[in-house]
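For reference, the structure is listed below as structure tokens.
The values are calculated or read from the model by the stated rules, or taken from the named source; none is laboratory data. These figures come from a predicted structure and were not determined experimentally. Cβ atoms come from the backbone with ideal geometry, glycine included; neighbour counts cover every protein chain shown. Each accessible area value is taken on the protein alone, full model and side chains, heavy atoms only, with ligands, DNA and RNA left out. Shrake-Rupley method; radii C 1.70, N 1.55, O 1.52, S 1.80 Å.
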Amino acid sequence: MIKMDKFIINGGNQLNGSVRIGGAKNAVLPIMACTLLADGTYSITNVPDLRDVRTMKKLLESIGAGVETDGGTLTVNTRNCVNYEAPYDLVKTMRASIYVLGPLISRFGYAKVSLPGGCAWGPRPVNLHIEGLRKMGARIAIENGYIIARADTLKGAHISFDLPSVGATGNLMMAAALAEGTTVLENAAREPEITATAQFLTSMGARIEGTGTDHLVIRGVPSLHPADTLIIPDRIEAGTFMVAAHMTGGEVVLEHAEPAHLAAVIDKIEESGARVTIEDRRITVASDGVVSPVNITTAVYPGFPTDMQAQWMSLMSVAGGSSVLTDTIYPDRFTHVAELRRFGADITLDHNVAIVKGVAALSGAPVMSTDLRASASLIIAGLVARGQTDVSRIYHIDRGYEHIEKKLGALGADIRRELETLIT
Ligand code: EPU
């Protein structure tokens with residue numbers, strides 16, 4: 001018998017009130033990997049309660065670290081790291097496990113990390129991570145599904161990325177921090193989570209210039225030391241709640257958000273008819289529920305994030321006209337289209353371009369989560385759909401949204417979690 005959680009949503013309630021935005025998943029994961037770079041004790045606060053964080057905790061523990069969780073604080077002790085391996089069982093549930101490759105090879109001269117393989121929406125290669133480490137002098141073989149990396153000492157190198165990969169930038173930055181000499185990363189990713197990782201490395205004693213830009217210069221140092229940090233707010237969680245507020249025609253205050261990281265999303269949501277006010281770390285989204293069609297094209301930061309494409313599609317499904325959504329980062333990231341059609345959404349897909357013709361109303365349906373952001377799009381569609389929506393396989397959402405049903409419920413949504421029996 002297989003049992004899994006599902007959400008049951010009765011659509012039609014407005015969202016009103018305030019919600020606290022949690023720490024950013026995509027910042028905490030590389031930051032946890034950074035702790036492998038120096039022996040000692042680290043305190044990381046504003047850590048969200050997510051399945052991916054628990055997976056990274058298990059991975060660090062399997063390497064030999066001690067990781068304690070106390071509310072939103074993680075204490076990581078890396079004094080006994082002896083097993084330089086990321087096993088398939090962990091990597092297959094979370095690709096971000098690849099983040100331990102850079103620190104392990106640069107600190108210990110050896111790493112064995114399962115090759116992530118594809119994911120629900122396409123190939124997602126890691127060639128840029130491997131090519132960069134090779135340029136720094138690592139000897140890398142792919143054997144039995146594992147990346148086996150060896151190096152006596154990593155040497156600084158000039159690395160110009162063909163495209164600005166978040167993961168490769170993070171991994172090579174961590175590797176370069178302890179390498180001999182200077183590493184230049186050109187066309188580097190500058191997502192806020194990468195900037196936060198660079199700032200954390202700097203607080204550990206790394207010498208990084210160009211933080212926040214696409215040109216990073218990392219002067220290797222012989223050793224680093226532990227540091228403490230506070231995780232930045234999750235801009236994608238915030239963006240998801242902004243879309244949900246607009247769709248349901250409510251007024252939602254996002255507390256502990258970082259408006260500066262959300263400029264592209266705020267511009268688009270205002271263009272589609274919501275009113276947005278910003279006071280320090282608080283963003284208020286107010287809407288009468290009338291959604292204008294607005295095109296988006298995903299791009300690297302500060303462009304519109306690919307991690308908001310699916311949620312934007314739900315919003316556009318109920319817009320008063322047609323919009324064009326293009327994903328330039330992941331051309332295959334459209335598994336939610338078939339599920340959104342089950343609500344009555346009118347979407348045509350041609351390669352990486354979706355044309356969404358807004359319909360007057362969506363109707364509740366049984367749907368299935370296919371990945372993290374796709375799940376978010378189905379939940380917010382369910383919030384406005386007429387009648388009941390059952391979203392199954394929600395283990396995807398628990399990877400990256402902290403207690404989403406509690407947060408939505410507190411804002412007035414009718415949503416509950418139930419255990420579903422899939423096969424008997
Ligand atoms: N790419 C390559 N070769 C590589 C690495 C990437 O061709 O070696 C390509 C990818 O196929 C893609 C593009 O480069 O077309 C960008 O991929 P990137 O490496 O930037 O993505 P990532 O590091 O694997 C992170 C986030 C994703 C987010 C992307 C893009 C984490 C843990 N994950 O992935 O987040 O979509 O950046 O912003 O930070 C999510 O949170 O739902 C999520 C998927």
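Scanning region 96-116 for any residue that is open to solvent by 10 Å² or more (accessible area, probe 1.4 Å) and modelled with pLDDT under 95 turns up at least one such residue.
Matching residues to (1) in contact with a Gly (Cβ under 8 Å, 6 or more places away or on another chain); (2) away from the ligand (no atom under 12 Å from the Cβ); (3) in a helix (DSSP H, G or I):
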position	(1), (2), (3)
Ile105	no, yes, yes
Pro116	no, no, no
Pro125	no, no, no
Asn171	yes, no, yes
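Scan region 189-242 residue by residue and report those that are within 12 Å of the ligand (Cβ to nearest atom), over 30 Å from Ala381 (Cβ atoms) and not in a loop (DSSP other than H, G, I, E, B). Ile194, Ala196, Thr197 - these are the residues of region 189-242 that are within 12 Å of the ligand (Cβ to nearest atom), over 30 Å from Ala381 (Cβ atoms) and not in a loop (DSSP other than H, G, I, E, B). Of the residues making up region 232-279, just one is among the basic types (Lys, Arg) and open to solvent by less than 40 Å² (accessible area, probe 1.4 Å), namely Arg235.
Residues checked against (1) in the same structural domain as Leu411 (by TED's automatic domain parsing); (2) not in a helix (DSSP H, G or I):
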{"residue": "Lys6", "(1), (2)": "yes, yes"}
{"residue": "Ile9", "(1), (2)": "yes, yes"}
{"residue": "Gly12", "(1), (2)": "yes, yes"}
{"residue": "Ser18", "(1), (2)": "yes, yes"}
{"residue": "Pro30", "(1), (2)": "no, no"}
{"residue": "Cys34", "(1), (2)": "no, no"}
{"residue": "Tyr42", "(1), (2)": "no, yes"}
{"residue": "Pro48", "(1), (2)": "no, yes"}
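The condition of being assigned by TED's automatic domain parsing to the domain that holds Ala263, surrounded by fewer than 18 Cβ atoms within 10 Å (Cβ to Cβ) and under 29 Å from Pro259 (Cβ atoms) holds for only one of Gly358, Gly382, Gly289, that being Gly289. Residues in region 152-167 that are part of a loop (DSSP other than H, G, I, E, B) and within 12 Å of the ligand (Cβ to nearest atom): Phe161, Asp162, Leu163, Pro164, Ser165. Those strands (runs of 3 or more DSSP E) of region 303-419 in which 2 or more residues are out of contact with any Cys (no Cβ under 8 Å at 6 or more places or on another chain) and of a type in the set (Asp, Glu) occupy 346-350. Evaluation of Met1 against the conditions (1) in contact (Cβ under 8 Å) with a residue 60 or more places away in the chain; (2) farther than 30 Å from Gly387 by Cβ; (3) surrounded by fewer than 20 Cβ atoms within 10 Å (Cβ to Cβ) shows that the sole unmet condition is (2). Of all residues in region 168-191, those that are more than 14 Å from His158 (Cβ to Cβ), open to solvent by 10 Å² or more (accessible area, probe 1.4 Å) and in contact with a helix residue (DSSP H, G or I) (Cβ under 9 Å, 6 or more places away or on another chain) total 3. Do we find that Glu258 is at pLDDT 95 or above and under 17 Å from the mean Cα position of the chain (by Cα) in this structure? Yes: the conditions hold for Glu258.
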